Every structure is written in C-alpha cells, then in structure tokens.
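Q: Below you will find the structure I want to go over with you.
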Amino acid sequence: MTTRTIKVDYLARVEGEGALKLSIRNGKVEEAKLSIFEAPRFYEAFLRDRNASEAPDITARICGICPVAYQLSAVAAVENAASVVIPQPLRDLRRLLMCGEWISSHVLHIIMLHAPDFLNYPDAMEMARDHGDIVRRGLELKKVGNAIMSLIGGREIHPVNVRVGGFYRVPTRKKLDSLTERLMWACDAAEETVRWTADLPFPDYSRSYEYVALQTAAGYPLEPGTLQTSSGLSLNPESYEENFTEEQKSHSTALYSKTAAGQTYFVGPMARFALNRNRLNPRAAAVTQQTGLHAGCDNPFQSIIVRSIEVLHACEEALSIIRTYERPDLPFEKVEVQNTTGFGIIEAPRGLLYQRYKIGENGVIEDVKIVPPTAQNQAIIEEDLKDVATRSQHLSDSDLQWRCEQTIRNYDPCISCATHFLTLDIDRQ
C-alpha cells in the first residue's frame with residue numbers, strides 16, 4: 001500500500017481562507033473536505049441592539065464584492081417586517097443597482113478568477129500575455145458595473161445611499177442617461193464574452209442537482225421573490241427556515257446548509273438559469289440558444305458561460321431601466337417598525353442570500369440570522385469534489401490538484417463572505 005500526499009499552501013483566485021483534504025485509499029475517494037478556517041466575523045452579533053434602520057449600512061460591510069445584495073436583503077427584511085412595499089420607481093432603481101453588482105462581480109470572476117483554469121494559466125496576468133484583448137475588455141466591462149453602483153449607491157464598494165424605504169437621494173434622468181453609451185458598449189462586450197466562454201474547453205461532466213432560486217413576478221430574479229426548487233416547491237421567504245437547515249461541522253467555521261430532509265442543494269447562477277432561463281431578456285435568450293445551453297446546464301464547469309449570459313442580461317436590463325426611468329417624487333418611503341419579525345431573500349451574484357430580523361421596541365433589533373450563498377453551497381461543493389476526484393483518479397497529482405481547484409472555483413465561493421488561501425492535502429494509499 002502506498003501513500004501519496006499533495007499539499008498546496010495557497011490557492012489563488014478564490015476569496016477567503018480554507019483547506020481541502022482528499023483521502024484516496026485502494027482507489028476509492030473516502031472523503032473530500034473543504035475546511036473553512038477563517039475566523040467568525042460576528043455580524044449577527046453586531047446588529048443586535050442596533051436600530052433596524054442601521055442594518056443596510058452594517059451588512060454592506062460583510063463583503064466588498066457583493067455589498068448591495070447584503071444591503072437589499074436587509075432592507076427587504078425590515079420592510080417585510082413593517083408590511084411596506086415601496087413604489088415601483090424605487091424598486092427599479094434597486095434593480096438597476098443589483099445589475100451593476102452582478103456585472104462587476106460576475107466579470108471579476110469570469111475573467112480574473114475562473115477563465116485561467118480552462119486555458120492552463122496560473123493567473124489572469126499570465127493569461128493577459130496571450131489574451132490581452134479579452135482581459136482588457138473584461139476590465140472595462142467591470143468598470144461599467146462599478147459606474148452603476150457608484151451612481152446609484154454613492155460609491156463602488158460598501159455603498160452608502162441605500163436606506164430602509166428606498167434611498168437617501170435618487171439620480172436625475174440626466175445622470176442616468178450619462179450611463180447609456182457605456183451600457184450600449186457593455187451589451188456588445190457582454191455578448192462577445194458569452195461567445196468566448198462558450199468556446200472554452202470543458203471537462204465532460206454532469207450531475208443531477210436540487211436547484212434553489214428565486215422567481216419574481218416578472219423577469220429574471222434580480223429582486224426579492226418566492227423560492228422555487230427544481231423538485232417543484234414554491235415557498236415564501238417566511239418559510240425558509242422551515243425548509244432549510246444549518247449545521248456545524250468540526251472542519252469548518254462556516255455552517256452547512258441542507259434541506260429539511262437532509263438533501264444538499266445548489267444556489268447561484270446555474271440554479272437561477274435552470275429555473276428562470278425562459279425569463280431572460282430577448283438578446284440574452286437568443287445568445288443562449290446559440291451556445292446550446294437553452295435546454296439547460298448540469299455541468300458546473302460550464303457555469304462560466306451561465307455567468308456570462310447573466311452579465312449580458314444585466315447589461316440589457318440596466319439599459320432598459322434607464323430608458324424608461326421616471327424620477328420618483330420622494331427618495332424613500334417612511335418606515336416604522338417594532339415588535340415584529342421580517343424576512344428578506346435576494347439573489348446575490350453567487351446565489352440566495354437570506355436575512356431574518358426580529359425587531360422589538362422602538363425598532364431595535366433583537367435577533368438576526370444571515371445565510372450567505374457559499375454556506376448553502378459548501379456541502380454540494382464537497383460532493384462535487386468527491387465525485388470529480390473519483391472520476392479523475394487517472395490524472396497525475398498535479399493535474400488532479402488543478403481539477404479540484406477548478407471544481408471549487410466553479411462556485412465562485414466567498415468564504416469571508418469565501419476563499420483566498422487553500423491548503424490541498426491529497427492522501428493516496
């Protein structure tokens with residue numbers, strides 16, 4: 001019996017701190033653990049005893065890449081507690097803000113973090129030597145998303161303009177029109193990115209997944225809606241904790257999410273696409289048809305194509321919102337809330353983000369629950385790792401290591417809301 005051990009101290013192109021251990025004995029993969037050892041961040045504790053109006057500004061600090069999703073799921077929860085539905089023009093502005101975040105976050109992952117895997121480059125800087133036009137186009141596309149976030153949210157990182165009930169101030173039509181030319185370019189650039197990613201070499205791999213994503217009254221799910229599952233459930237946000245549970249495992253500081261029946265499930269772009277691809281706008285739908293993914297996608301390695309499709313959809317959606325924009329009479333609705341509980345779910349770039357607030361006297365927060373996308377995907381990532389390693393034992397240690405790292409990056413994990421360093425330990429006996 002022989003033992004082979006591979007250790008990687010630092011895995012680049014993911015965010016946060018974690019470690020992976022594969023144990024292979026007698027040709028069988030006995031375990032695949034994605035250990036997350038980043039220290040707890042205590043945001044749920046920080047929010048207790050604060051006024052509910054402070055929730056969006058505090059939660060925005062959880063993540064520098066998807067702060068808007070944290071803000072908007074927080075305000076959705078507080079507004080749900082107050083039984084307040086804000087006017088459509090303010091909802092449209094929030095949808096536009098989410099478009100900016102999706103563009104910025106997705107393009108960062110597609111070009112800088114994930115694409116090098118498929119072209120055998122260690123990082124995007126090396127990839128740029130041979131694919132400079134692709135990287136430059138991606139960086140410019142990301143800047144368009146940043147510009148939307150800056151204009152609507154007040155700044156690109158940890159925006160400050162979102163508040164319970166709406167915004168502190170809303171833009172003029174002239175200000176929004178200033179984004180039109182750049183967005184028209186972005187739509188073309190996004191379509192080119194879809195075509196480019198569709199031509200990347202992908203492992204022949206697929207599995208059956210339980211997908212969970214939002215559906216909204218109309219269109220692709222960029223704002224709060226109802227929970228849908230591929231097995232046919234339709235749930236209100238208030239039912240989330242009755243149908244999904246969390247558990248602690250000794251090798252991870254992130255909680256594991258499963259269905260109440262103990263099943264792993266998959267959130268994020270592939271889940272949204274599986275359950276909502278018929279809701280893509282016409283241009284994104286037409287390009288999807290040409291990629292061959294119109295019938296669905298169960299290969300997580302092709303998630304890079306799905307993210308590209310979502311970038312195109314977000315660019316077209318943003319342009320549509322701007323063209324029909326009418327400035328609201330007031331930037332926010334007054335919201336007063338106490339002695340109740342509110343629930344909010346939104347689609348962050350990486351998937352479902354759930355928040356629940358118990359609010360007591362004078363609007364003070366008594367208890368909070370926040371469930372980020374990566375916590376919901378951690379168990380399914382480990383299942384993929386075990387399955388991929390089982391199918392890939394013929395690979396050398398270096399190639400198997402590469403394939404496992406690529407498998408993790410399929411999910412764009414955000415461990416700190418993700419992973420920046422990974423120790424990979426493969427034990428073959």
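Q: Which order do the peptides 370-379, 158-167, 111-120, 347-356 take when ranked by the mean count of other beta-carbon atoms within 10 Å per residue, highest first?
A: Those peptides, ordered most packed to least, come out 347-356, 370-379, 158-167, 111-120.
Q: For Leu255 and Glu54, calculate 0.36 nm times their separation in residues minus their Cα-Cα distance, and state this gained length in nm to one decimal.
A: Taking 0.36 nm per residue and subtracting the Cα distance, the gain is 69.8 nm.
Q: How would you order 271-280, 67-76 from highest to lowest mean count of nearby Cβ atoms within 10 Å?
A: Listed from highest to lowest mean packing, they are 67-76, 271-280.
Q: In debye, nearest 20, what is the charge dipole magnitude of the chain about its Cα centre with +1 on Lys and Arg Cβ and -1 on Asp and Glu Cβ, if you could check?
A: The dipole of the chain has a size of about 480 debye.
Q: What accessible area, in Å² to the nearest ten, does a 1.4 Å probe give for Trp402?
A: Here the residue's solvent-accessible area equals roughly 70 Å².
Q: Evaluate E = 1/(1 + (r/R0)^6) for Met184 and Arg25, where r is the Cβ-Cβ distance and R0 equals 60 Å; express this FRET efficiency to the nearest 0.05.
A: FRET efficiency, Met184 to Arg25: 0.60.
Q: If you don't mind, there's one more thing I want to ask. Once the Cβ-Cβ distance between Arg327 and Asp199 is put in as r, and R0 is 30 Å, what FRET efficiency do you end up with, to the nearest 0.05?
A: That pair, Arg327 with Asp199, gives E of 0.10.
Q: If we sort 382-389, 169-176, 131-138, 98-105 on the protection proxy, mean other Cβ atoms within 10 Å, highest first, what's the order?
A: Averaged packing, sorted descending, gives the order 98-105, 382-389, 131-138, 169-176.
Q: Starting from the Cα-Cα distance between Arg391 and Ser239, subtract it from 0.36 nm times their residue separation and give me the gain in nm to one decimal.
A: Working it through step by step, the gained length comes to 51.0 nm.
Q: Kindly identify the stretch 93-143 as rounded, prolate or oblate by the Cα gyration tensor criterion: order the square roots of the eigenvalues as a ≥ b ≥ c, call it rounded if a/c is under 1.5, otherwise compare a/b with b/c, prolate if a/b is larger, else oblate.
A: Prolate.
Q: Shifting gears a bit: Which links in Lys33/Lys369; Lys249/Lys386; Lys28/Lys386 stretch past 20 Å when you go from one Cα to the other?
A: Among Lys33/Lys369; Lys249/Lys386; Lys28/Lys386, the Cα-Cα distance tops 20 Å for Lys33/Lys369.
Q: While we're here: Does the chain come out rounded, prolate or oblate, given a ≥ b ≥ c as the square roots of the eigenvalues of its C-alpha gyration tensor, rounded meaning a/c under 1.5 and, failing that, prolate meaning a/b above b/c?
A: Since a/c reaches 1.5 but b/c is at least a/b, the shape of the chain is classed as oblate.
Q: Which order do Glu126, Glu361, Glu310, Glu336 take when ranked by solvent-accessible area (1.4 Å probe, heavy atoms of all protein chains), largest first?
A: Glu336, Glu361, Glu126, Glu310
Q: May I pose another question? May I ask you to derive the FRET efficiency for Asp298 and Glu140 from their Cβ-Cβ distance with R0 = 25 Å, giving the value to the nearest 0.05?
A: Approximately 0.20, to the nearest 0.05.
Q: Further, regarding this structure: Can you give me the relative contact order of the stretch 276-373 as a percent, contacts being Cα pairs under 8 Å and 6 or more apart?
A: 17 percent
Q: Among DSSP bridges having both ends in the chain, what percentage is antiparallel? Round to the nearest 5.
A: In the chain, DSSP labels about 80 percent of beta bridges as antiparallel.
Q: Under 1.5 on a/c is rounded, so check that first for the stretch 42-130, then, if it is not, pick prolate when a/b is larger than b/c and oblate when it is not; a ≥ b ≥ c are the square roots of the alpha carbon gyration tensor eigenvalues.
A: Because a/c hits 1.5 or more and a/b fails to exceed b/c, the stretch 42-130 counts as oblate.
Q: So, one more: If I model a spin label as a point 7 Å beyond the Cα along the Cα-Cβ vector, how far apart are those points for Asn120 and Ser231 in nm?
A: Placing both labels 7 Å along Cα→Cβ, they lie 4.2 nm apart.
Q: Grab the DSSP H runs of the chain that are 4 residues or longer, score each as -39,500 (n - 2.57), total them, divide by all residues and round the 222 nm result to the nearest 500 deg cm²/dmol.
A: -13000 deg cm²/dmol
The values are calculated or read from the model by the stated rules, or taken from the named source; none is laboratory data. Everything numeric here is computed off the predicted structure, so don't read it as measured data. Ideal geometry is used to build each Cβ from the backbone, glycine not excepted, and the neighbour counts take in all protein chains shown. The protein model used for the area step is the full one, side chains on, heavy atoms only, and it has no ligands, DNA or RNA in it. Shrake-Rupley method; radii C 1.70, N 1.55, O 1.52, S 1.80 Å.
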